[in-house]
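Quick notes on the structure that follows.
The values are calculated or read from the model by the stated rules, or taken from the named source; none is laboratory data. All figures in this text were calculated on a predicted structure; none of them were measured in a lab. Cβ atoms come from the backbone with ideal geometry, glycine included; neighbour counts cover every protein chain shown. Heavy atoms of the whole protein, side chains included, go into the accessibility calculation; ligands, DNA and RNA do not. Shrake-Rupley method; radii C 1.70, N 1.55, O 1.52, S 1.80 Å.
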Amino acid sequence: MRESSNPVMRGVVRDNQPGYAGFGAGMAGAGAAMNQFGQQTDPYAQPAPPTTRQLTIDDVVTKTAMTLGVLTITAIAAYFAIASRDTESAQAAMAMPLMLVGAIGGLVLVLIASFGRKQDNPAIVLAYAALEGLFVGSISFVFGNWAVAGDVSAGALIGQAVLGTFGVFFGMLFVYKIGAIRVTPRFTRMLFAGMIGVLVLMLGNLLLSLFGVSTPLRDGGPIAIIFSLVCIALAAFSFLLDFDAADRLIRAGAPDRAAWGIALGLTVTLVWLYVEILRLLSYFNQD
């Protein structure tokens with residue numbers, strides 16, 4: 001099975017492939033052990049019912065909706081909690097910690113889910129959604145109120161970013177369904193290489209900014225606009241790999257718990273896409 005460039009989706013596929021421990025192999029091993037100790041097998045006995053259901057598209061839709069629902073509620077609460085402060089300094093004193101807690105906490109949970117093989121844990125997935133809600137709500141306030149010209153409505157800017165995010169999502173879903181772009185190993189390698197390059201540039205820009213070095217990567221100029229467009233394109237094409245991984249898991253008969261991992265992987269990409277679209281819109285509405 002092709003691997004997604006999304007580390008969460010890659011882990012879900014790895015842990016739910018046929019033959020993986022806990023998915024189909026456990027019952028077979030138990031039956032062999034029973035026969036080894038001489039117990040007779042009743043040829044007329046009915047097979048034991050499966051302990052879990054097989055994954056369906058309804059499971060994916062339901063779990064993804066729940067995850068995005070928690071993220072949205074938390075983001076709205078964080079946004080209006082910051083907006084309720086009387087002064088800009090008080091708003092900044094609340095927005096920055098919420099943004100850091102959400103970003104760092106969400107990253108930690110993604111790493112735990114990916115490397116600890118806990119992508120299918122609903123508590124981790126929903127906790128990630130809540131933390132990312134803090135990040136999304138606070139960064140939406142920052143971009144909508146401080147990073148644009150004074151006559152630009154924060155609500156309009158955020159609304160455009162939300163519409164753009166889901167427009168890209170459903171557009172790529174349509175592209176995948178009609179097979180306009182085929183998910184091939186070469187396509188996967190090229191996308192993965194592009195994401196590695198973007199990640200290196202982001203980390204380099206972050207390190208330079210910590211030492212007070214200004215770079216054109218995020219200053220709103222032509223290079224910053226091009227970089228955001230590249231990030232948006234990579235996030236959009238990543239959906240194709242995520243859809244392909246989910247489709248193959250469903251056809252392979254993965255257990256229904258894998259829907260939580262798929263929801264987590266899709267949410268990670270959606271948040272990245274939303275932030276980049278919001279950032280790009282703020283560039284076009286600067287003074």
Considering only segment 153-177, how many residues are touching a residue at least 40 places away in the same chain (Cβ under 8 Å), farther than 16 Å from I277 by Cα and either loosely packed, with under 12 Cβ neighbours inside 10 Å or of a type in the set (A, V, I, L, M) (or both)?
2
Output for segment 59-79, where each listed residue is among the hydrophobic types (A, V, I, L, M, F, W, C) and in contact (Cβ under 8 Å) with a residue 24 or more places away in the chain:
V60, M66, L68, V70, L71, I73, A75, I76, A77, A78
The one condition in (1) farther than 16 Å from Y274 by Cα; (2) in contact with an Asp or Glu (Cβ under 8 Å, 6 or more places away or on another chain); (3) assigned to a helix (DSSP H, G or I) that Q119 fails to fulfil:
(3)
Failed condition for R257, given (1) under 30 Å from A123 (Cα atoms); (2) open to solvent by less than 60 Å² (accessible area, probe 1.4 Å); (3) touching a Leu at 6+ places or on another chain (Cβ under 9 Å)
(2)
Among the candidates V101, V110, V70, single out the residue that is closer than 21 Å to L249 by Cβ and either part of a helix (DSSP H, G or I) or of a type in the set (A, V, I, L, M) (or both).
V110
Checking the structure you have, find out if any residue of segment 192-199 is touching a residue at least 60 places away in the same chain (Cβ under 8 Å), within 15 Å of L273 (Cα to Cα) and of a type in the set (F, W, Y).
no
